[in-house]
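Just so you know, all these numbers are worked out from the coordinates, no wet-lab data involved. This is a predicted model, so every value here is computed, not measured. Neighbour counts are summed over all protein chains in view; Cβ atoms, including those assigned to glycine, are modelled from backbone coordinates with ideal geometry.
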Ligand SMILES: C[S@@+](CC[C@H](N)C(=O)[O-])C[C@H]1O[C@@H](n2cnc3c(N)ncnc32)[C@H](O)[C@@H]1O
């Protein structure tokens, strides 16, 4: 586990409550935009998860407030939400979701899954962390299982990585490590695994290219 991720998790441990409050506030400031973002994400999930068996087991890494896991559960899947910060774990449990404390770089997956979902988490991983996670996810997936994740696109940034405390939605009162990936960075890492890229697109931000979104198939 990188020092960068370890120190970032310390920030989440201390400040996850502030993160939760800020994201609710941010959505209230522009409900139409928040709704549009949510609908796009739900469409991505619905479309790709439609290839899975009914009631299949799904694992989410870094669930945060649990809203994605809750949506996946509403589609009839058996979801395990997870995070490392206690306040996030409480938030997901509060929604009635099965939740475990889970560090994706350190802990073994408890079971096999048909899908692993990991949204806005790769921002805190170095390239080495990323390869490690990909290999672990591959091993925990059932044959034909899928891995959906996104990462911030290096193209829209002037630097490779930074320690930063953003304003607004992502403000936490302490700096976290953010790593930015080019598409070829991620493609090269994926090539070191046995995953096939089933789907890729860019999305979000002012020019619809803030996030690199991948659907990988085992
Ligand atoms: C920007 S938040 C995103 C939360 C949620 N996925 C969402 O989209 O709202 C980043 C999340 O990644 C989690 N995270 C970062 N490193 C992790 C690791 N090594 N293992 C598990 N979760 C991690 C943090 O605890 C936090 O919940």
(message) Within a 10 angstrom radius of the beta carbon, how do 154, 28, 120 rank from fewest other beta carbons to most?
(response) 28, 120, 154
(message) Report D for the chain in µm² per second (integer): Stokes-Einstein, Kirkwood Rh on Cα pairs, 4 °C, 1.567 mPa s.
(response) 74
(request) Output the antiparallel fraction of DSSP beta bridges having both residues in the chain, as a percent to the nearest 5. (result) 55
(message) I'd like the distance between the alpha-carbon centres of the stretch 132-159 and the stretch 21-42, rounded to an integer number of Å.
(response) 24
(request) Quick one: work out the % antiparallel among DSSP beta bridges in the stretch 98-218, nearest 5. (result) 75
(message) Quick check: Cα centre of the stretch 170-190 to Cα centre of the stretch 50-67, how many Å?
(response) 22
(request) Calculate the translational D of the stretch 40-148 in whole µm² s⁻¹ from Stokes-Einstein, where the hydrodynamic radius comes from the Kirkwood formula applied to all Cα pairs, the temperature is 20 °C and the viscosity 1.002 mPa s. (result) 154
(message) Sort 183-196, 62-75, 9-22 by packing, meaning the average of other beta carbons within 10 Å per residue, with the highest value first.
(response) 62-75, 9-22, 183-196
